[in-house]
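Report on one structure; see the data block that follows.
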Amino acid sequence: MNKEAAIAIKRNQEIIVKSKNGETISGFPVETDHPSRLILRTTFGPVWIPYEEVEQVTRILSIKRSKKSCLTCTR
């Protein structure tokens, strides 16, 4: 399994996958027993991508600031 996909599964983060032919798809990776493919939960349903076709995996990080921490912000 790809390292970034494994981290995204643990942290429930969305990822963007770029394939070797230039296509990109985003979704939430799903843990699977199948070692040769990545499964993404997308808005259109589950998508299976063979790892041999994956060129790059990028995690999307959400930066949430609480109101409490913003009170100490200096702008």
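The values are calculated or read from the model by the stated rules, or taken from the named source; none is laboratory data. In this text the structure is predicted, and so the values were computed from the model without any measurement. Note that each Cβ is placed from the backbone with ideal geometry, even for glycine, and that neighbours are counted across all protein chains shown. The accessibility values were calculated without ligands, DNA or RNA, using every heavy atom of the protein model including side chains. Shrake-Rupley method; radii C 1.70, N 1.55, O 1.52, S 1.80 Å.
Remark: the chain carries a charge dipole of roughly 780 debye about the Cα centre, counting +1 on each Lys and Arg Cβ and -1 on each Asp and Glu Cβ.
Using C-alpha pairs below 8 Å separated by at least 6 residues, the relative contact order for the chain is 31 percent. Heavy-atom accessible surface of the chain, averaged per residue, reaches 80 Å², computed with a 1.4 Å probe.
Simple spin-label estimate for K20 and M1 gives 2.3 nm between the two label positions (7 Å along the Cα-to-Cβ direction from each Cα). Projecting the Cα atoms of Y51, N2, I15 onto the dipole axis of the chain, where Lys and Arg carry +1 and Asp and Glu carry -1 at the beta carbon, places I15 farthest toward the positive end. Of the solvent-accessible surface of the chain, computed with a 1.4 Å probe over protein heavy atoms with every protein chain present, carbon and sulfur atoms account for 52 percent. Using the Cβ-Cβ distance between E55 and N12 with R0 = 30 Å, the FRET efficiency computed as 1/(1 + (r/R0)^6) comes to roughly 0.80.
Between the beta carbons of R37 and S62, assuming R0 = 35 Å, the FRET efficiency works out to 0.85 to the nearest 0.05.
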